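Scroll down for the structure; my scribbles are underneath it.
The values are calculated or read from the model by the stated rules, or taken from the named source; none is laboratory data. No experiment lies behind these values; they were computed from the predicted model shown. Virtual Cβ from ideal backbone geometry, glycine too; neighbours counted across all protein chains shown.
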Amino acid sequence: MTEPAMRAEAIRKSFGSVEVLRGIDLEVAVGEVTCLVGPSGSGKTTFLRCINHLEKINSGRVYIHGELLAYRERGGRLHEMKDRDVCKQRASIGMVFQSFNLFQHMTVLENIVEAPVHVLRQPRDEAVDRARRLLARVGLSNKESSYPRHLSGGQQQRVAIARALAMEPRLMLFDEPTSALDPELVGEVLSAMLDLAHSGMTMIVVTHEMGFARQVADTVVFMDAGQIVEQGSPREVLDDPQHVRTKAFLSKVM
Amino acid sequence: MAVVMCAAVFAVSVVTNDRFRWGVVGDYLFSAPILDGVRLTLMLTVVAQALGIAVGIALAIMRLSPNPVLSRCAWVYIWFFRGTPLLVQLIFWYNLSALYPSISFGIPFGPTFFSGNANDLITPFAVAILGLGLNEGAYTAEIVRGGIAAIDRGQSEAAKALGVPPMLTLRRIVLPQAMKVIVPPIGNQTILMLKTTSLVSVLALADLLYAAQAIYARTFQTMPLLIVVSLWYLAITSVLTVGQHYLERHFSPGTTDAGPSMPRRWARTIVSVRSASTPAPAPSTAAEDR
């Protein structure tokens, strides 16, 4: 039996006195696309950020390809790893943000080669070659020397996807990748993600795009108030929801 | 119009009043002691400012550190150096040998590697560099901290998600972008530093002002020599201003609308003064500048 790409066990997370994740258990198999849906404030984004330790969890465990994330177990107790070791683990997890977060002072090409050259210590020529192939893949070959602020939101997000892929991650996290985009630009980003899903990438996507979830997801997870309410295939969750909260949410968004 | 008239009257008086002794100004402007003073003033400015920036960046990083000991230490440093007059600090360092007659380096309570008389080690030049640089560090720290805070958190988060370690993120992602915010006030501070170095005359260091003072104490030509000093400070400040302009440009890559280049901006100022002084606008020069 192969290890799941991601396994979360009883994740709890509070901001101050507000508990935003109240015991999340989830498994994502290698090569699967999982979409997290739910009303805002349900904890989807926070959960996604816990998967690469951008948020520290208060209790529970995250395993990435079978390896405990950000902690080491010694004598029955958990010890947080050093920054450097967490960085190594993060390098194999790509993340795409709602607000793109491209490095504003670098060109598109520099954005993509930055981490491969300085973190993975790839030779620059190799990294540049790879970056150009990735840019071609997301359809932006002619933009390599542009600065982010001269690109549309859709183009920026496609660069962000290429930048994450340049680290050759085994798992990709998407945090509402199309929520900050004008409606006519959503399609180009979704098609880049679709292409990625077809190539067999394991993906966890927080999204409000029910059409995308229906078309691409292997599993749809509905979250509300810091808990997983319901999960299953898109057909089960989106077309035949069992839980009253799922029904209420879907009736509003579809 | 009234402003122009006043300026003209003043200019005429400056040129015709022979008590300004422009001849003496000319004699001393490039004399050896004055040039030596200029050299020392420049050296103090560059070295002390460099030390200040290094200390400032280190302090800013310490203040933003999650480690409470580091951030508290930086806070106390900034509190102390901003809270006491620089002149007092300079005199204090100068007289440090009264508190610690000998200085030694070694392992505490262990062997000593090096030991010497404080008066020999703390030369006036060293005092000036330390005093000016350490003081500057406190101000620079706040400027750098402000610059770092101005950068969107998403930038360092994106770097984090790519597995870039914290110090590398600071060096490659955050600081280069913060420079855009940091450079203008640092330019300001450098110009301030240039003029603040004149305080070292209390340490009997022969900087530009001290050199002039030494001459007019002998010749009583106070005004002409102060004009010499001012002309030099003005000249160096002008050079620094141009340098700052190009530095600001360097740290705003990809902006096509970085504004007109320095010579053009000055040309524009001159043109606007000229067109204000003549009743009819001068269309040819104004159009050219567009």
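Per-structure values
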{"item": "Residue match in the range B:100-123 (condition: of a type in the set (A, V, I, L, M, F, W, C), assigned to a helix (DSSP H, G or I) and either within 28 Å of B:Val88 (Cα to Cα) or more than 14 Å from chain A (Cβ to nearest Cβ) (or both))", "result": "yes"}
{"item": "Check on B:Gly163, more than 13 Å from chain A (Cβ to nearest Cβ), modelled with pLDDT of 90 or more and touching a helix residue (DSSP H, G or I) at 6+ places or on another chain (Cβ under 9 Å)", "result": "no"}
{"item": "Condition check for A:Arg158: modelled with pLDDT of 95 or more, buried (at least 22 other Cβ atoms within 10 Å of the Cβ) and within 12 Å of another protein chain (Cβ to nearest Cβ)", "result": "no"}
{"item": "Residues of the range B:137-160 classified as away from every other protein chain (no Cβ under 14 Å) and either farther than 30 Å from A:Leu69 by Cα or modelled with pLDDT of 95 or more (or both), total", "result": "10"}
{"item": "Failed item, numbered, when A:Leu21 is tested on (1) free of Cβ contacts under 8 Å to residues at least 60 places away in the same chain; (2) surrounded by 22 or more Cβ atoms within 10 Å (Cβ to Cβ)", "result": "(1)"}
{"item": "Cβ-Cβ under 6 Å pairs, at least 6 apart or on other chains, the range B:125-146 side touching a residue at least 40 places away in the same chain (Cβ under 8 Å), far side outside any helix (DSSP H, G or I) and not charged (D, E, K, R)", "result": "B:Ala128/B:Leu205"}
{"item": "Residue count for the range B:61-99, restricted to those that are outside any helix (DSSP H, G or I) and more than 20 Å from the chain's Cα centre (by Cα)", "result": "4"}
{"item": "From the options A:Gly41, A:Gly66, A:Gly75, residue that is more than 15 Å from the chain's Cα centre (by Cα) and within 19 Å of A:Pro177 (Cα to Cα)", "result": "A:Gly41"}
{"item": "Counted residues, the range B:36-57 - those being surrounded by fewer than 17 Cβ atoms within 10 Å (Cβ to Cβ) and either outside any helix (DSSP H, G or I) or in contact with a Gly (Cβ under 9 Å, 6 or more places away or on another chain) (or both)", "result": "3"}
{"item": "Long-range neighbours under 7 Å by Cβ, at least six apart or interchain, first residue closer than 17 Å to B:Leu203 by Cβ and at pLDDT below 95 within the range B:26-46, second among the aromatic types (Phe, Trp, Tyr) and part of a helix (DSSP H, G or I)", "result": "B:Gly37/B:Tyr210"}
{"item": "Qualifying residue in the range B:247-262 (condition: at pLDDT 55 or above, within 23 Å of B:Val4 (Cβ to Cβ) and surrounded by 14 or more Cβ atoms within 10 Å (Cβ to Cβ))", "result": "no"}
{"item": "Tally, over the range A:63-74, of residues that are at negative phi and either surrounded by fewer than 12 Cβ atoms within 10 Å (Cβ to Cβ) or facing chain B (nearest Cβ under 10 Å) (or both)", "result": "3"}
{"item": "Helices (runs of 4 or more DSSP H) fully within the range A:142-233 counting 1 or more residues that are closer than 27 Å to A:Arg121 by Cβ", "result": "A:153-165, A:183-198"}
{"item": "Any chance A:Arg163 is touching a helix residue (DSSP H, G or I) at 6+ places or on another chain (Cβ under 6 Å), crowded, with 18+ Cβ neighbours inside 10 Å and not acidic (Asp, Glu)", "result": "yes"}
{"item": "Only one of B:Leu96, B:Leu134 that is modelled with pLDDT under 85, out of contact with any Lys or Arg (no Cβ under 6 Å at 6 or more places or on another chain) and away from chain A (no Cβ under 14 Å)", "result": "B:Leu96"}
{"item": "Complete set of residues in the range A:81-111 that are more than 10 Å from chain B (Cβ to nearest Cβ) and touching a residue at least 24 places away in the same chain (Cβ under 8 Å)", "result": "A:Val108, A:Leu109"}
{"item": "Which listed residue is basic (Lys, Arg) and either surrounded by 19 or more Cβ atoms within 10 Å (Cβ to Cβ) or closer than 17 Å to A:Val205 by Cα (or both), from A:Arg77, A:Arg84, A:Arg90", "result": "A:Arg90"}
{"item": "Residue satisfying all of: in the range B:166-196; closer than 30 Å to B:Ile129 by Cβ and hydroxyl-bearing (Ser, Thr, Tyr); farthest from the other protein chains (Cβ to nearest Cβ) among these", "result": "B:Thr196"}
